[in-house]
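Visitor: I have a structure here, written as structure tokens, and I will follow up with some questions on it.
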Amino acid sequence: QGQLVESGGGMVQPGESLKLSCAASDFTFRTSGMHWVRQAPGKGLEWVAFIAHDGINKYYGDSVRGRFTISRDNFNNTLYVQMNSLRAEDSAVYYCVKDLGYGGHWYFDLWGRGSLVTVSS
Amino acid sequence: DIQLTQSPSFLSASVGDRVTITCRASQDINIYLAWYQQKPGKAPRLLIYAAYRLQSGVPSRFSGSGSGTEFTLTITSLQPEDFATYYCQELSNYHPTFGGGTKVEIK
């Protein structure tokens, strides 16, 4: 079934940077597209970014494009997101999510437990 | 961007009830829609993808239907463990979006 474990969250001030990691296990990470999805406290879900299995194609949500960078290390089965110029509205639980791999259509079939990021002065 | 509108946003039901949640898309999205269940403090769980396909391990009391702009998630006989928030999700143009959620609570 697989497991995803996020780390690296915490509290930072506006304008600062943070890098989240996600350790993947018990599935073939190197053949899986991966996403980050976030959820602000008490709010709904927002897709953040996607990276293809080989790390070549990347896509970003409008609210993070130009500030966040998704990357992966297929040798160490780890997904990352580098978050720069953080804003208060970036405060959320960030989920590492595996793509189902269904005909190129993005469905989210395995989720980590999440990592809380708080941006506050 | 495509907007997804779920209704109702809140639903009160009893164990054994049949429950239907609707998700309407602002544009035709074919069958490219999924449903997720989220319990408090937990990550979402994929229930249905491609409008009607049941994800492995999900009980058969969950079903999805619809195409184009209108979709439904049905729970045929609500169980205690089904009280949760449900989200729909579309996946067009490499910019997936979620509906606002439907919270199902115990009557």
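FYI, it's all coordinate maths here, none of it is from the lab. Values in this document were obtained by computation on a predicted structure and should not be read as measured data. Here the Cβ is made from the backbone with ideal geometry for all residues, glycine too, and neighbour counts use every protein chain on show.
Visitor: So, in segment A:102-121, how many residues would count as being surrounded by 14 or more Cβ atoms within 10 Å (Cβ to Cβ) and part of a loop (DSSP other than H, G, I, E, B)?
Guide: Selection size over segment A:102-121: 5.
Visitor: Same structure again: Having 3 or more residues that are under 21 Å from B:Pro8 (Cβ atoms) and of a type in the set (Ser, Thr, Tyr) is the bar; report the strands (runs of 3 or more DSSP E) wholly within segment B:26-106 that clear it.
Guide: Of the strands (runs of 3 or more DSSP E) lying wholly inside segment B:26-106, those with at least 3 residues that are under 21 Å from B:Pro8 (Cβ atoms) and of a type in the set (Ser, Thr, Tyr) span B:85-90.
Visitor: Then there's this: Given the conditions (1) surrounded by 13 or more Cβ atoms within 10 Å (Cβ to Cβ); (2) assigned to a loop (DSSP other than H, G, I, E, B); (3) of a type in the set (Gly, Ala, Ser), and given that A:Ser21 satisfies all but one, which numbered condition is not satisfied?
Guide: (2)
Visitor: Same structure, new question: Looking at segment B:76-87, which of its residues are in contact with a Phe, Trp or Tyr (Cβ under 7 Å, 6 or more places away or on another chain) and within 10 Å of another protein chain (Cβ to nearest Cβ)?
Guide: B:Tyr87
Visitor: Select from segment B:71-100 the residues that are farther than 20 Å from A:Leu45 by Cα and surrounded by fewer than 18 Cβ atoms within 10 Å (Cβ to Cβ) and list them in ascending order.
Guide: B:Thr74, B:Thr76, B:Ser77, B:Gln79, B:Pro80, B:Glu81
Visitor: A follow-up question, please. Taking B:Ile29, is it out of contact with any Gly (no Cβ under 8 Å at 6 or more places or on another chain) and either within 23 Å of A:Ala40 (Cα to Cα) or among the aliphatic types (A, V, I, L, M) (or both)?
Guide: no
Visitor: Condition first: within 9 Å of another protein chain (Cβ to nearest Cβ) and of a type in the set (Val, Ile, Thr). Can you find one or more residues in segment B:89-103 that meet it?
Guide: Checked against the condition, which is being within 9 Å of another protein chain (Cβ to nearest Cβ) and of a type in the set (Val, Ile, Thr), segment B:89-103 yields at least one hit.
Visitor: Which residue out of A:Trp36, A:Trp111 is within 11 Å of chain B (Cβ to nearest Cβ), within 13 Å of the chain's Cα centre (by Cα) and among the hydrophobic types (A, V, I, L, M, F, W, C)?
Guide: Exactly one residue qualifies, and that residue is A:Trp111.
Visitor: Looking only at segment B:46-61, decide whether some residue is over 12 Å from the mean Cα position of the chain (by Cα) and farther than 19 Å from A:Leu100 by Cα.
Guide: Within segment B:46-61, one or more residues are over 12 Å from the mean Cα position of the chain (by Cα) and farther than 19 Å from A:Leu100 by Cα.
Visitor: Then there's this: Which of the residues belonging to segment B:1-33 are free of Cβ contacts under 8 Å to residues at least 60 places away in the same chain and either in contact with an Asp or Glu (Cβ under 8 Å, 6 or more places away or on another chain) or hydroxyl-bearing (Ser, Thr, Tyr) (or both)?
Guide: B:Thr20, B:Thr22, B:Arg24, B:Ser26, B:Leu33
Visitor: Same structure, new question: On the basis of being surrounded by fewer than 17 Cβ atoms within 10 Å (Cβ to Cβ), closer than 21 Å to A:Gly42 by Cα and without any contact (Cβ under 8 Å) to a residue 60 or more places away in the chain, does B:Lys103 make the cut?
Guide: no
Visitor: If a residue has to be away from chain B (no Cβ under 14 Å), surrounded by 14 or more Cβ atoms within 10 Å (Cβ to Cβ) and of a type in the set (A, V, I, L, M) to count, how many in segment A:50-101 make the cut?
Guide: Count: 4.
Visitor: If you take the residues in segment B:18-49 that are surrounded by fewer than 18 Cβ atoms within 10 Å (Cβ to Cβ) and within 14 Å of chain A (Cβ to nearest Cβ), which one is farthest from A:Val5 (Cα to Cα)?
Guide: Selected residue: B:Asn30.
Visitor: Restricting attention to strands (runs of 3 or more DSSP E) lying wholly within segment A:36-87, give those where 2 or more residues are hydrophobic (A, V, I, L, M, F, W, C) and in contact (Cβ under 8 Å) with a residue 40 or more places away in the chain.
Guide: Output list reads A:45-51, A:78-83.
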